[in-house]
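To start, the structure itself, in structure tokens.
The values are calculated or read from the model by the stated rules, or taken from the named source; none is laboratory data. What you are looking at is a predicted structure, and each value in this text was computed from that prediction instead of being measured. FYI the Cβ positions are ideal-geometry reconstructions off the backbone, even for glycines, and counts take in every protein chain you see. Ligands, DNA and RNA are stripped out before the accessible areas are found, and what is left, the full protein with its side chains, is counted by its heavy atoms. Shrake-Rupley method; radii C 1.70, N 1.55, O 1.52, S 1.80 Å.
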Amino acid sequence: MRRFERIANALVKGKAAKVIELVEEALKKDVPPIEILNRGLLAGMNNISERYRNEEVFIPDVLLASRAFHAGMRVVRPALLQDVRPTPGHVVIGTVAGDLHDIGKNLVVTFLRSAGYEVTDLGIDVHPEEFVEAVVKNNAQVLGMSALLTTTMPVMDSTIKLLEQSGLRERVKVIVGGGPITREYGKKINADGYASEARSAVALVERCLQELTEENGTFVESA
């Protein structure tokens, strides 16, 4: 069985200690950290997510797999961030108020930081006022919001409206993502961009910053 498959399978089975062992082993063999993340850890999470949607596994299985994923991330994250060259641009990001889900948001943070962007992670359950305060405090060019619950989606709209009321909207790009979020919803609430998955966040932020520089109002979507 190939190395990445072993990591993914251990994750699916919720074997956190085994995932740590396999990730450490891969790093010692000079396997690129981004490959460990994409082909091992993320592949495993995609697998368990698909099984859950097909009702082949249940919430306890997903929670065990999530714990194993976080264990692997703690090992691979420092390697991802080694020798990173700073990239111009500051991103503020968080999961909106009322929502405690952060796996996708944390992945976006990791990808952005590994690309050299400065990121302020506000965590979970972030209210519109907190997003706006962080944008001002950090002079951020991009604000990213995540939601997994449909009931918390309106917080994104409220945050954008508060940015407008505060006179900040013209100088910050707003990107949105998460399970129930769609391109159409992003456009409806006047966001500037939408990402369907964490891996596309870097390219999305790059294009948003370019749009900001060019003062172009085109809606941006991840590839």
(Q) Given the criterion in contact with a Gly (Cβ under 8 Å, 6 or more places away or on another chain) and closer than 28 Å to Ala203 by Cα, identify the matching residue among Val92, Val96, Val19, Val31. (A) Val92
Q. Take the residues of region 49-85 that are closer than 17 Å to Gly116 by Cβ and of a type in the set (D, E, K, R): which is modelled with the highest pLDDT?
A. Arg77
(Q) Go through region 178-216 and report how many residues are free of Cβ contacts under 8 Å to residues at least 24 places away in the same chain and under 14 Å from Lys105 (Cα atoms). (A) 1
**Q.** Test: residue in region 153-171 that is modelled with pLDDT of 90 or more, more than 18 Å from Val92 (Cα to Cα) and open to solvent by 60 Å² or more (accessible area, probe 1.4 Å)
**A.** yes
Q: Could you tell me which residue of region 165-186 is farthest from Leu37 (Cα to Cα), considering only residues that are part of a helix (DSSP H, G or I) and touching a strand residue (DSSP E or B) at 6+ places or on another chain (Cβ under 8 Å)?
A: Tyr185
Q. Regarding Glu55, is this residue at positive phi and free of Cβ contacts under 8 Å to residues at least 40 places away in the same chain?
A. yes
Q | Answer residue from region 187-201, given it is in a strand (DSSP E or B) and of a type outside the set (A, V, I, L, M, F, W, C) and is least open to solvent (accessible area, probe 1.4 Å) among those | A | Gly193
